[in-house]
Amino acid sequence: MKKIILLLTVVLTLFGCSKPQSTKPSIADEQMLAYLNDQQVSLVVSNNGTITEHNQRGVKDLMDLLENDPQRLQGAVVADKMIGKAAAALMVLGGVKQVYTNLISTPAKAMLENAGIQVSAEEEIPMILNRNQTDQCPMDKSLNGVDDPKECFNILKNR
């Protein structure tokens, strides 16, 4: 029942039928993560009362937003299914203020927190694995030893 109420509140917020999320950020943020999980999308961005959902693989949505709609990320609250170092670097560059996730890698959490971004994660793991679960995610692997988000972006952009 609680989940239904949360989903209904998110839907009403999307259609402008309730208070903007900035009035109760903790409630709206929890609703975003529940919405992300219920709708089976990979990324939800909430900024200035507008919520958008995205569903491309990996960090493609964050790259697209950063390159084509950077104001969407500036000061945003983001719910993401999984955050590795690559996603974290893009969120830092985008100026995200807060993230909620089901799963985060230790390097990603450190990068976000070092940038002053609030992080809430259901589970923290040492690294994000590739799709076959046999090695580290290739995007994150390309960033091993790199801590500057701008340098990370340049590496990711050239991949």
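If you go through segment 98-140 and keep only what is assigned to a strand (DSSP E or B), farther than 24 Å from PRO70 by Cβ and either free of Cβ contacts under 8 Å to residues at least 12 places away in the same chain or aliphatic (A, V, I, L, M) (or both), you end up with LEU103, ALA121, ILE125, LEU129, GLN136. Applying the condition of being among the β-branched types (Val, Ile, Thr) and open to solvent by 30 Å² or more (accessible area, probe 1.4 Å) to segment 42-59 and asking which residue is farthest from the chain's Cα centre (by Cα) yields THR50. Filtering segment 77-97 to residues that are in a loop (DSSP other than H, G, I, E, B) and open to solvent by less than 40 Å² (accessible area, probe 1.4 Å) leaves GLY84, GLY95, VAL96.
Residues that are touching a helix residue (DSSP H, G or I) at 6+ places or on another chain (Cβ under 7 Å), of a type in the set (D, E, K, R) and farther than 10 Å from ALA121 by Cα within segment 81-101 comprise just one, LYS85. Being surrounded by 13 or more Cβ atoms within 10 Å (Cβ to Cβ), in contact with a helix residue (DSSP H, G or I) (Cβ under 9 Å, 6 or more places away or on another chain) and farther than 17 Å from THR101 by Cα is the filter here; which residues of segment 124-136 pass it? Within segment 124-136, ASN130 is the sole residue that qualifies. Do we have any residue at all in segment 26-39 that's surrounded by fewer than 20 Cβ atoms within 10 Å (Cβ to Cβ), within 16 Å of the chain's Cα centre (by Cα), over 16 Å from GLU122 (Cβ atoms) and at pLDDT 80 or above? Checked segment 26-39: at least one residue is surrounded by fewer than 20 Cβ atoms within 10 Å (Cβ to Cβ), within 16 Å of the chain's Cα centre (by Cα), over 16 Å from GLU122 (Cβ atoms) and at pLDDT 80 or above.
Can you spot a residue in segment 141-154 that is touching a Ser or Thr at 6+ places or on another chain (Cβ under 8 Å) and either outside any helix (DSSP H, G or I) or among the charged types (D, E, K, R) (or both)? No. For first residues located in segment 55-67 and part of a loop (DSSP other than H, G, I, E, B), partners that are β-branched (Val, Ile, Thr) and lie 6+ apart or on another chain with Cβ distances below 6 Å form the pairs ASN55/VAL41. Selection of segment 81-139 for residues being among the β-branched types (Val, Ile, Thr) and under 18 Å from ASN154 (Cβ atoms) yields only VAL92.
Just need a number here: residues in segment 98-123 that are surrounded by fewer than 17 Cβ atoms within 10 Å (Cβ to Cβ) and under 11 Å from the mean Cα position of the chain (by Cα). Residues flagged as surrounded by fewer than 17 Cβ atoms within 10 Å (Cβ to Cβ) and under 11 Å from the mean Cα position of the chain (by Cα) within segment 98-123 amount to 3.
The values are calculated or read from the model by the stated rules, or taken from the named source; none is laboratory data. Just so we're clear, the structure is a prediction, and the values are computed from it rather than from any experiment. Note: ideal-geometry Cβ built from the backbone for every residue, glycine included; neighbour counts use all protein chains shown. These accessible areas exclude ligands, DNA and RNA; they are computed on the full protein's heavy atoms, side chains included. Shrake-Rupley method; radii C 1.70, N 1.55, O 1.52, S 1.80 Å.
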